[in-house]
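To start, the structure itself, in structure tokens.
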Amino acid sequence: SSGSGIAMRRYLLRPFIVLAAVFILVETWIWEHVGPWIRRFVEWLPFAALKQAILDGIHRLPPYATLAVFAVPVAVLFPFKLAALALIAGGHLVLGFMIFGLAKVVGVGVAAFLFEACKPKLMQIPLFVTVYGLWNRWVVWAHRYIDPVKARIRGYTRLLRGGRSGRAFRLLMRFRRLRRERGARATSPATA
């Protein structure tokens, strides 16, 4: 029956849909929270004439050439991402993931900063306007998809913190902390 086939396809695609929604929300979160920090950092830099020359250069570019501005942070951060992947492949997982994550956060933050400077020009490109609108619809969809899950998780954590199970959890944590402290006192040399 076609109904069970559609249900099976939805069931099989669900993990990919969840990953897509989480990816969209993480990108949006980085964009909204790191972009302003990058902007403040750039404002803090003492090279006022250089910063103004860069902004003036961006404003002089025609709309399609403005897209090329976004290739600069991608090109600068690409070697760091390659180095991170090499570290991960070499078994240095933590360092590799830290470098990759930092490059990702800086890249999205710089793109958010550049987007603010380039947005008037970019909005003159019909295809860009279409893609920008599509992205905004995806963000709304991702929130509708993930927000109920986040609310359930918050409810579970509230339940764990309060009530009997919350008290039991806190007692267990206190017991573990006391055991660690006793173990540390037992292994430390006696002080005279």
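Any idea which of V34, L45, V18 is furthest toward the positive side of the dipole for region 1-66, if Lys and Arg beta-carbons carry +1 and Asp and Glu beta-carbons -1?
Farthest towards the positive end: V18.
Using θ = phi - 60° and the Karplus curve 6.51 cos²θ - 1.76 cosθ + 1.60, what whole-Hz ³J(HN,Hα) does each residue of region 78-91 get, with Gly and Pro shown as x?
Result, ordered by residue: 4, x, 5, 5, 4, 4, 5, 5, 5, 5, 4, 5, x, x Hz.
How much of the accessible area of the chain, probe 1.4 Å, is carbon plus sulfur, in whole percent?
Carbon and sulfur: 71 percent of the exposed surface of the chain.
Tell me, in nm to one decimal, what length is gained between R60 and Y156 on full extension, where the rule is 0.36 nm per residue of separation less the Cα-Cα distance?
29.2 nm
Keeping every protein chain in place, order L122, L55 by accessible area at 1.4 Å, biggest value first, i.e. largest first. If you can, show how the numbers build up before the last one.
On the way: L122 0, L55 60 Å².
If we order L122, L55 from most to least accessible, we get L55, L122.
Shape of the chain from its Cα gyration tensor (a ≥ b ≥ c, root eigenvalues): rounded if a/c is under 1.5, otherwise prolate when a/b > b/c, or oblate?
The shape class here is oblate.
Order T130, T66, most accessible first, counting only protein heavy atoms with a 1.4 angstrom probe.
Listed by decreasing accessible area, they come as T130, T66.
FRET efficiency for F70 and A20, Cβ-Cβ distance as r, R0 = 30 Å, nearest 0.05?
Numbers: r = 22 Å, r/R0 = 0.73.
About 0.85, to the nearest 0.05.
Classify region 113-156: rounded, prolate or oblate, from the alpha-carbon gyration tensor (a ≥ b ≥ c, eigenvalue square roots; a/c under 1.5 rounded; otherwise prolate if a/b is larger than b/c)?
Oblate is the answer for region 113-156, as a/c is 1.5 or above yet b/c matches or exceeds a/b.
Take the alpha carbon gyration tensor of region 18-95, find the square roots of its eigenvalues, order them as a ≥ b ≥ c, and report rounded if a/c is under 1.5; if not, report prolate when a/b exceeds b/c, else oblate.
Judged from the Cα gyration tensor, region 18-95 comes out prolate (a/c at least 1.5, a/b above b/c).
Report, in debye and to the nearest 20, how large the dipole of the chain comes out about its Cα centre when Lys and Arg carry +1 and Asp and Glu carry -1 on their Cβ.
Dipole of the chain, to the nearest 20 debye: 1600 debye.
Could you derive backbone 3J(HN,Hα) for region 129-146 from the dihedral phi with the Karplus parameters 6.51, -1.76 and 1.60 (θ = phi - 60°), listing whole Hz in sequence and x where the residue is Gly or Pro?
Computed from phi, the couplings for region 129-146 are 4, 5, 5, 4, x, 4, 4, 4, 5, 5, 4, 4, 4, 4, 5, 4, 7, 8 Hz.
Count charges around A112 for me, please; just the other residues with Cβ under 13 Å from its Cβ, Lys/Arg as +1, Asp/Glu as -1.
+1
Under a point spin-label approximation (7 Å from Cα along Cα-to-Cβ), what is the V129-L12 distance to one decimal in nm?
4.0 nm
Would you check the chain for Lys pairs whose C-alpha atoms are within less than 27 Å, ignoring same-chain pairs closer than 8 in sequence, and give me the count?
Taking the Cα cut-off of 27 Å, the pair count is 9.
The values are calculated or read from the model by the stated rules, or taken from the named source; none is laboratory data. All of these numbers come straight from a predicted model, not from anything done at the bench. Quick reminder, even Gly has a Cβ in these numbers, built from the backbone with ideal geometry, and neighbours come from all protein chains shown. Just the protein is used for accessible areas: all its heavy atoms, side chains included, with ligands, DNA and RNA removed. Shrake-Rupley method; radii C 1.70, N 1.55, O 1.52, S 1.80 Å.
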